[in-house]
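J.: First the structure, then my questions, so here it is.
What follows is calculated from the coordinates using simple rules that are stated; it is not laboratory data. Small disclaimer: the values here were computed from a predicted structure and weren't measured. Cβ sites come from the backbone with ideal geometry, for glycine too, and all protein chains shown count toward neighbours.
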Amino acid sequence: MPRQFSHFERLFVLAVLLILITAMGIGSTGAVAQEPPTSNESTPPPHVNPDEIEDSADIDRLAAVLQGSLDRSLGSSLSNLDADDYERARELLGDEYDADLERYRDVAADLDREERAELYRLAQTDQAAFIDAVEEFEETEQAYEDARQEGDSQRARATGRQLVTAADRVNNTGKNTVAAYQELESETGRNYTEQTNTTDSTRAEATATSQAVIDAEFIETTLTASADQSNISFTDQLRINGDLQTVDEQPLPNQDIQLRINGETYTVDPSSDGTFSLLIQPDSVWETDVSPIEVQYLPAEGSVYLGSQATASVAVETTATDTTIQSTRAVVAHDIPTLVNGSVMAPPANQAVPSAPVALQIETTQISTAETTRSGHF
């Protein structure tokens, strides 16, 4: 017969079972129960599945868990970037991050924290651009090293020039990423020192590499520029005066140079001392505002000189225009092609307005778009 336990033995077994259950935690999975988050938001909460938290029961805890998930994705993305795993770095800012951010956006609205959700979106966008810039820089650096090893000085100089531009992009996108983390830290109280240090370290490495290439391949230049008037409209002409020299204040050898001004390229023949003067016509798409006009020196690809840029402050004013249209059909119908042409001119001299965007619409429905030619026609 089975042995019968005494009353004392049954109590002892029950006590042992209670102790074991308490030590293991109670749950369907048998996992250790999660500690509730502390009120200090500078410490991310433990890794908890947001789906296991009821929004209505503990919305503050759900917000903290979602923030922790977003923070881990951002941090892991930077870690993978540091390990040159660009695909994984992007993946961590992809669909799963979007899903967590969408849920956090809903929770943040209930807690009046919409600004935090927007900052997490900004950090995602800026860091993604930073990842792209770093990958481009690394690929360009490898191409430059390959050209150097093969003794192809012309290709080395061409890829070196691209490398300098890529390093500038790393620096700029990295600066934006650091700023996004600093705003997050100010808004949430969380600590992002590791992320900002990692980003700044990558920026510093790119800058150092870029400077080494500049020292090995190029002669740096300085460009100054100024406008002869402070206000300009489309019907006016603007004179840009400037000076192009090396950093050692030596003029470049007598040669034509290429300047890009607000997106348009011009050829200029500087004087022997490096000074130049150029008369330009504002483009129809210049933005109206007191904003600087960008002037860039564009050296030839094989040149030993490095490009430089300057700005000239000019207030761009709006200009009235007259638009005329003409159709080949007096009556139009559905699914029948119809040619519509016309022109955009600036009175009173009927000056052609080139590169102007034109939209054709019926009432509030846009039908088609075009852009005017140099003669102002579309």
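J.: Quick one: net charge of residue 308's neighbours, Cβ under 15 Å, K/R +1, D/E -1? Provide the component values of the computation, followed by the final result.
T.: Numbers: positive: 161, 260; negative: 168, 220, 243, 248, 249, 294.
Net of charged neighbours comes to -4.
J.: Pop the C-beta distance of residue 139 and residue 247 into the FRET formula with R0 = 22 Å and round what comes out to the nearest 0.05. Walk me through the numbers before you get to the answer.
T.: Details: r = 29 Å, r/R0 = 1.30.
Calculated transfer efficiency: 0.15.
J.: Follow-up question, since we're still on this one. So what's the Cα pair-distance distribution over segment 113-242, bin width 10 Å, in %?
T.: 12, 28, 21, 23, 15, 1
J.: Rounded to whole Å and sorted largest first, list the principal axis extents of the Cα atoms in segment 168-231.
T.: Taking the Cα atoms of segment 168-231, the three principal extents are 48, 42, 11 Å.
J.: Over the Cα atoms of segment 185-306, compute the convex hull volume and normalise it per residue, giving Å³. Could the numbers behind the result be given before it?
T.: Numbers: hull volume 20.7 nm³, N = 122.
Each residue corresponds to 170 Å³ of Cα convex hull volume.
J.: Using a Förster distance of 25 Å, how high is the FRET efficiency between residue 300 and residue 168, based on the Cβ-Cβ distance and rounded to 0.05?
T.: It comes out at approximately 0.80.
J.: Using +1 at the C-beta of Lys and Arg and -1 at the C-beta of Asp and Glu, which of 271, 282, 257 has the Cα lying farthest in the positive direction of the dipole of segment 235-347?
T.: Value computed over the given set: 282.
J.: Give me the net charge of residue 151's neighbourhood, meaning all other residues with Cβ under 15 Å from the Cβ of residue 151; Lys, Arg count +1, Asp, Glu -1. Please report the intermediate quantities before stating the final value.
T.: Details: positive: 148, 155, 157; negative: 145, 146, 150, 152, 217.
Summing Lys/Arg as +1 and Asp/Glu as -1 gives -2.
J.: Each residue of segment 344-360 in turn: what ³J(HN,Hα) in whole Hz from Karplus with 6.51, -1.76, 1.60 and θ = phi - 60°, glycine and Pro shown as x?
T.: 10, 10, 10, x, x, 8, 6, 6, 4, 10, x, 6, 8, x, 10, 10, 9
J.: What number results when the radius of gyration of segment 337-378, computed over Cα atoms, is divided by 2.2 N^0.38 Å? Write out the running numbers ahead of the final one.
T.: On the way: Rg = 11.4 Å, N = 42, 2.2 N^0.38 = 9.1 Å.
For segment 337-378, the normalised Cα radius of gyration is 1.25.
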